[in-house]
Amino acid sequence: MKILVCISNVPDTTSKINFTEGDTKFDTNGVQFVINPNDEFGLTRAMWFKEKQGATVHIATVGEASVEPTMRKALAIGADEAIRVNALPTDGFFVAEQLAHIIKDGAYDLVIAGRESIDYNGGMVPGILATLLGMNFVNSCINLEVDGNTATAVREIDGGKETLQTTLPLIIGGQKGLVEESDLKIPNMRGIMMARKKTLTVVEPIEAVKATKDTKFDKPAAKGAVKLVDSVDELVNLLHNEAKVI
Amino acid sequence: MSVLVYTESENGKFKKSAFEVASYAKAVADQLGSSVTAISFNTEDNESLGAFGVSKVLNVSDDKLATFNAQAYANSIAQAATKEGAQVIIVSSSTNSKFLAPILTAKLKAGYVPNVVAAPDSTAPFIVKRTVFSNKGFAHTEIATEVKIIGVSNNSFGLKENQTTASVEAFNADLGDGDFAVKSTEIDKVAGQVTIADAEIVVSGGRGLKGPENWGMIEELAGVLGAATACSKPVSDMGWRPHGEHVGQTGKPVASNLYIAIGISGAIQHLAGVSASKTKVVINSDPEAPFFKAADYGIVGDAFEVVPKLIEKLKEFKAQNA
Ligand SMILES: Cc1cc2nc3c(=O)[nH]c(=O)nc-3n(C[C@H](O)[C@H](O)[C@H](O)COP(=O)(O)OP(=O)(O)OC[C@H]3O[C@@H](n4cnc5c(N)ncnc54)[C@H](O)[C@@H]3O)c2cc1C
Ligand SMILES: Nc1ncnc2c1ncn2[C@@H]1O[C@H](COP(=O)(O)O)[C@@H](O)[C@H]1O
């Protein structure tokens, strides 16, 4: 089985978010970038397929050279090879077109992406990708088993979960649950040394439309101070008469 | 030319979010000088959409579509969009809508913007406001394609009545085997439970509750309020509560009218996912807990004392206001 894990390079979850150039750009100053948490679960699941079922695991990222440290980290976790498409990922459709091109050439059986990137929260790359390629697709995937050509996936639904049967080639939008939090792999020294020698191929983007463009950013209005109350009577009164939520 | 809205239902009945997306669609249609067509699957009370400005309903009635199937639903909506010459398609932010919207996007070569919180800033150019960075910011995003898809954030636009008469038309899309290549084999869902996505009120517990055996009072409080239950990430990681209850940046987003956080410190990743809630109440024994800075109301106190009292008080209140 040949697996591609799509890795999105995102600000660390503790990052303070600021905008620059007249609020038209995200300010990356002082921001630490990491593997998108949803992709980290997917990558660890891919490692499981590698260890238990002899899968080959490649990773791909659409991004400029600055994303390479995040890609090396994924290689240190155990991916075999990496492909970087040298373009700024400003639109989900554009990113999906780039990844589709790589997947067509690479003949992957399984593509593991994340439910969403935690930066722009688009949640669209895997679904667009699957449709462009005519591959089966399961989103919000919290468990995946592959047996020969068949796949059993579990997805989260509002208020529960649903089990689905399908066949490879398959694309999933994964999230926590694919593996347990405690099983997430952290690169060790040996992994980091080996990652330096692994192949990281850089390819130029293909011509593709950018369907959307962010014109301006702003931040939520500052919050008023909390009202501390001493009794539940007062709280219920405020929730009813002031906030009008009960 | 029209605005097409996908109105979701469960057991033949429209969900509340269906009326919200219909309200949103009407606002867009007014801006464009056009009208709203809804597409619904196996629903009964189709005329009820008229109250929110829908003038035509394409009703799909098909046993094969009794359970949600992202591919088949997306293909049906795509065909309805083409038939109606829809310029703009509106969906909700439910798990199912977020599953089918990207498929629809690729089929129609559309531009898709999810998590939209307001009617379009402008329609030429077409710009919408959405949350980004897990509610830490907003982007005003231009959609440049001919067909535009908007995912409306739950509870952000609200219900806006707009009395219209909705005509109902049967609609059946041309679906093939390929549309059913992903098959549902089992659905595991507690019947009658309020879900985090649909809830007006969410009651959430954190590590301060010490152990899973103490969730009885959280469930009771939620029961009194007709609320959904949720939890912080460590609580689900430790297996005290199911994964589906984990809310925050890496869990489910919460955008309820009221969010009550009990024994939750208010870490940045937790706040990012729940801050879209309109009113936030914090119950925490530590006055320095960061969550108080993000809350509207707070009680500094021991959850094991405060919560039982709150349950009693709310029962009294409900009895009086019933
Ligand atoms: C990549 C990443 C992603 C993450 N994503 C999420 C996410 O999506 N959602 C999320 O929730 N977290 C997330 N986290 C974890 C987050 O950083 C915090 O660790 C977590 O939110 C803390 O959970 P908590 O508030 O329940 O526990 P704690 O931080 O341990 O807080 C417990 C609170 O309970 C209070 N308390 C104790 N006893 C009582 C009592 N008797 N009565 C009342 N109060 C009491 C304490 O004062 C304290 O404030 C993420 C972390 C990382 C690194
Ligand atoms: N620039 C990118 N390069 C590679 N994969 C990406 C990129 N952006 C998004 N993805 C993948 O698509 C998933 C969903 O991202 P998004 O649609 O941006 O929310 C991510 O979890 C990644 O798996």
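Among the residues of the stretch B:303-314, just one is more than 9 Å from every other protein chain (Cβ to nearest Cβ) and open to solvent by 90 Å² or more (accessible area, probe 1.4 Å), namely B:305. Summed over the stretch A:121-176, the residues that are in a strand (DSSP E or B), among the polar types (S, T, N, Q) and within 16 Å of ligand 1 (Cβ to nearest atom) give a count of 1.
Filtering the stretch B:25-54 to residues that are part of a strand (DSSP E or B) and open to solvent by less than 40 Å² (accessible area, probe 1.4 Å) leaves B:36, B:37, B:38, B:39, B:40, B:41, B:52, B:54. Against the definition (open to solvent by less than 20 Å² (accessible area, probe 1.4 Å) and of a type in the set (Phe, Trp, Tyr)), how does residue B:138 come out, yes or no? For residue B:138, the condition - open to solvent by less than 20 Å² (accessible area, probe 1.4 Å) and of a type in the set (Phe, Trp, Tyr) - is not met.
Each residue in the stretch A:78-96 was checked for being buried (at least 24 other Cβ atoms within 10 Å of the Cβ) and part of a helix (DSSP H, G or I), and 4 pass. Scanning the stretch A:121-150 for residues that are without any contact (Cβ under 8 Å) to a residue 24 or more places away in the chain and either more than 9 Å from chain B (Cβ to nearest Cβ) or away from ligand 2 (no atom under 14 Å from the Cβ) (or both) returns A:134, A:145, A:147, A:148, A:149, A:150.
The residues of the stretch B:119-135 that are surrounded by fewer than 20 Cβ atoms within 10 Å (Cβ to Cβ), of a type in the set (Ser, Thr, Tyr) and touching a residue at least 40 places away in the same chain (Cβ under 8 Å) amount to a single one, B:123. Residue B:285 falls short on exactly one of the conditions (1) over 30 Å from residue B:16 (Cα atoms); (2) in contact with a Lys or Arg (Cβ under 9 Å, 6 or more places away or on another chain); (3) hydroxyl-bearing (Ser, Thr, Tyr), and that condition is (2).
Among the residues of the stretch B:65-115, those that are in a helix (DSSP H, G or I), within 16 Å of ligand 2 (Cβ to nearest atom) and not hydrophobic (A, V, I, L, M, F, W, C) comprise B:95, B:97, B:98, B:102, B:105.
Return the residues of the stretch A:195-223 that are part of a loop (DSSP other than H, G, I, E, B), of a type in the set (Gly, Ala, Ser) and open to solvent by less than 50 Å² (accessible area, probe 1.4 Å); say none if nothing qualifies.
Scanning the stretch A:195-223 gives A:208, A:211.
The residues of the stretch A:39-76 that are within 14 Å of ligand 2 (Cβ to nearest atom), within 20 Å of residue A:145 (Cβ to Cβ) and outside any helix (DSSP H, G or I) amount to a single one, A:57.
Note on the stretch A:162-194: residues that are surrounded by fewer than 22 Cβ atoms within 10 Å (Cβ to Cβ), over 18 Å from residue A:135 (Cα atoms), within 11 Å of another protein chain (Cβ to nearest Cβ) and of a type in the set (S, T, N, Q) amount to 2. One residue alone among B:199, B:181, B:255, B:228 is in contact (Cβ under 8 Å) with a residue 60 or more places away in the chain, away from ligand 2 (no atom under 16 Å from the Cβ) and within 12 Å of another protein chain (Cβ to nearest Cβ), and that residue is B:181. Are any of the residues in the stretch A:105-116 free of Cβ contacts under 8 Å to residues at least 12 places away in the same chain and either within 8 Å of chain B (Cβ to nearest Cβ) or on the phi > 0 side of the Ramachandran plot (or both)? No, because not a single residue in the stretch A:105-116 is free of Cβ contacts under 8 Å to residues at least 12 places away in the same chain and either within 8 Å of chain B (Cβ to nearest Cβ) or on the phi > 0 side of the Ramachandran plot (or both).
Here B:212, B:234, B:242 are screened, and the one residue that is more than 18 Å from the chain's Cα centre (by Cα), under 21 Å from residue B:275 (Cβ atoms) and surrounded by fewer than 19 Cβ atoms within 10 Å (Cβ to Cβ) is B:234.
The values are calculated or read from the model by the stated rules, or taken from the named source; none is laboratory data. This one's a predicted model, so the numbers in the text were calculated from it and none came from an experiment. With ideal geometry, Cβ positions are generated from the backbone for all residues, glycine too; neighbour counts draw on all protein chains shown. Note: accessible area is taken over every heavy atom of the protein model, side chains too, but ligands, DNA and RNA are not part of it. Shrake-Rupley method; radii C 1.70, N 1.55, O 1.52, S 1.80 Å.
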